[in-house]
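Comments concern the structure below.
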Amino acid sequence: QVQLLESGGGLVQAGGSLRLSCAASGSIYGLNRMGWYRQAPGKQRELVATITSGDSTNYADSVKGRFTISRDNAKNTVYLQMNNLKPEDTAVYYCNAAVRDSAWTTRYREVWGQGTLVTISS
């Protein structure tokens, strides 16, 4: 079983910064695409940023220039550096990864973290 554990959420004022971390643990035989999603009250979960195993990145238009996604393969960890935060960034942020969790199959399974709350005050 593979688990994703997010950390780094909290309460900050508009204009501040936070760095989220997501560490994968368990029987990890491979990690492909990893990403961050968020869900604000009354809204659908939306993609924030993704990063491939080859370090190709993709960002939602609303966070381009402010957020940076990165990964440390040695630590099985993906990060989201969030700068110049805005009240509209308030949401529960979820980590996602495609994980190979068995030596007997090459299948990659989609795994989600439990979420970490980010609250931006005006």
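The values are calculated or read from the model by the stated rules, or taken from the named source; none is laboratory data. Because the structure is predicted, anything quoted here is derived from the model rather than measured. Cβ coordinates were reconstructed from backbone atoms using ideal geometry, including for glycine residues, and neighbour counts include every protein chain displayed. Remember, those area values only see protein heavy atoms, side chains included, never the ligands or the DNA or RNA. Shrake-Rupley method; radii C 1.70, N 1.55, O 1.52, S 1.80 Å.
For the chain, the solvent-accessible area with a 1.4 angstrom probe is 54 square angstrom per residue. When you count the other C-beta atoms within 10 angstrom of each residue and take the mean per peptide, 2-14, 100-112 line up highest first as 2-14, 100-112. In debye, nearest 20: dipole of the chain around its Cα centre with unit charges on the Cβ of K, R (+) and D, E (-)? That gives the chain a dipole magnitude of about 100 debye.
Taking the protein heavy atoms of the chain in the context of the full set of protein chains, the accessible area attributed to carbon and sulfur is 44 percent at 1.4 Å. Computed over segment 1-93, relative contact order equals 32 percent, with contacts defined as Cα pairs under 8 Å that lie 6+ residues apart. For K75, no lysines have a Cα closer than 24 Å to its Cα, not counting residues fewer than 8 places off in the same chain. The alpha-carbon of K43 sits under 19 angstrom from the alpha-carbons of these lysines, leaving out residues fewer than 8 places away in its chain: K86. The per residue volume of the convex hull around the alpha-carbon atoms of the chain is 95 Å³.
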